[in-house]
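Written out below as structure tokens is the structure these notes cover.
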Amino acid sequence: MKITIAGGGNIGTQFAVHCAEKGHEVIVYTSKPELYDGHLSTVDDEGNVTHEGDIKLATSDPKAAFSNAELIIVTLPSNLMSGIANIIYDNTDKDVMIGVVPGSGGSECAFKKCIERGNTFFGIERVPAIARLVKKGSCVKSTGYRDELHVAAIPRAKAEECAELISGIFDIPCLTIPYYLNLTMTPSNPILHTTRLRTIFGDFDGKKTYESLPLFYEEWDDASSKLLFKCDDEVQSICRAFKDFDLKYVKSLKVHYESDTIEKMTKKISSIAAFKGLTTPSVASDNGLLPDLHSRYFTADFSYGLTIIRQVARFAGVDTPNIDETYNWYQQFAVEKGEFNYKDFGITDRASFVEFYSR
């Protein structure tokens, strides 16, 4: 196939390698095409090459990137999704398939015009593996590949076709999920990251500095797990309340991490090998460390993660006090005021919400 990967970061590079290795004609749409020499690879923890392939082109030209594509995989941050959706809409027709990874963050609404035009749109629930760039435009460390992947599509009838495509690229079984809302409500980063940030920086007043900060995952604590449990339970309450959809695929983080107590969750998250050494997002100041409010952990996971869950809760008529408190805590010092709002896409009440996600 002719496949375009939108985004040359961690996940975009990972996808480009696997697509190229399978013999697809791959174009990478990136703001830094000059960094690419055409050959991409993934490596393991020891630096051994595990997958490699040659792409056709790296470009920042939308027409060159998208006009002949049969499949587009979008790996950009949630706050850039509406922009890239408009670019793709203007440079493609209804026959191209469009996928996003991960599938949360409101991307289905960003691509609403494409969906209404007749494009097949799909999302992958979680990334296939942990990816960290070694050298942009050349190599990415890709470890901890999942045993299976999950895909949902709009329209729902196209899910199986999309799952087969992704399974063929990664040689990983790919199962279908019946309603895209299951991906929208996935509590991964929107709960995992936001509760941890609130626990670490709970006393931040916009000015306070820190002498040192714990490692984000490796030094995870019981306080973080306790708040995570509360917010995770509220997500499950939303899913139970929405009888219009089968939302059993919104897996509780307790199930995902096989940890049914606070102590087990703390031990589990702090021991995940792929998360070792990852720091808390921060920036240095003259007086110490400050939270990096421009980090995607803040700008994406609150403004395009937690806020979506809150809005779905309102459509469902469910109270979410712990999610609300966590969201309101962030709003005190949010530096980027733009955030997802269903009203921007003509979804204003429960009826229009149900209509959109029932396709």
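Based on the alpha-carbon gyration tensor of region 63-151 and its eigenvalue square roots a ≥ b ≥ c, which shape applies: rounded if a/c is under 1.5, prolate if not and a/b is larger than b/c, or oblate? Prolate shape, in that a/c is at least 1.5 and a/b is the bigger ratio.
Convex hull of alpha carbon positions in region 185-357: directionally averaged projected area 10.2 nm².
Only loop residues by DSSP count here, and only those with at most 16 other Cβ atoms within 10 Å; note down the trypsin sites (Lys or Arg not before Pro) in region 161-217 that meet that.
207, 208
For residue 100, the amide hydrogen comes within under 5 Å of the amide hydrogens of 74, 122, 123, 124, counting only partners 5 or more places away or on other chains and with H modelled in the peptide plane.
Packing-wise, with mean Cβ within 10 Å as the measure, how do 12-19, 188-195, 283-290, 214-221 rank, highest first?
Highest mean packing first, the order is 12-19, 188-195, 214-221, 283-290.
Annotation: for a label point projected 7 angstrom from Cα along Cα→Cβ of residue 22, residues of region 163-206 with backbone N closer than 11 Å are 163-174.
Using R0 = 30 Å, the C-beta based FRET efficiency linking residue 157 and residue 335 works out to 0.10.
Shape summary of region 119-271, radius of gyration then Dmax from alpha carbon positions: 18.0, 54 Å. Volume per residue for region 19-74 equals 96 cubic angstrom (convex hull of Cα atoms). Note on residue 314 and residue 94: their simple-model spin labels are 3.3 nm apart, each label 7 Å out from Cα toward Cβ. Of the three principal axes defined by the Cα atoms of the chain, the extents in descending order read 51, 50, 36 Å.
Residues 46, 160 in ascending order of nearby Cβ atoms (within 10 Å, fewest first): 46, 160.
Of the three principal axes defined by the Cα atoms of region 2-178, the extents in descending order read 45, 35, 29 Å. Annotation: the antiparallel percentage among DSSP beta bridges lying fully within the chain is about 40.
If Rh is defined by the Kirkwood formula over all Cα pairs and Rg also comes from Cα, what ratio Rg/Rh do you get for region 204-274?
When Rh is taken as the Kirkwood radius, the ratio is 1.10.
About the centre of its Cα atoms, the chain shows a dipole size close to 540 debye [charges on the beta carbon of Lys, Arg (+1) and Asp, Glu (-1) only; nearest 20 debye].
Just so you know, all these numbers are worked out from the coordinates, no wet-lab data involved. Model, not experiment: these values are computed from the prediction. Cβ sites come from the backbone with ideal geometry, for glycine too, and all protein chains shown count toward neighbours.
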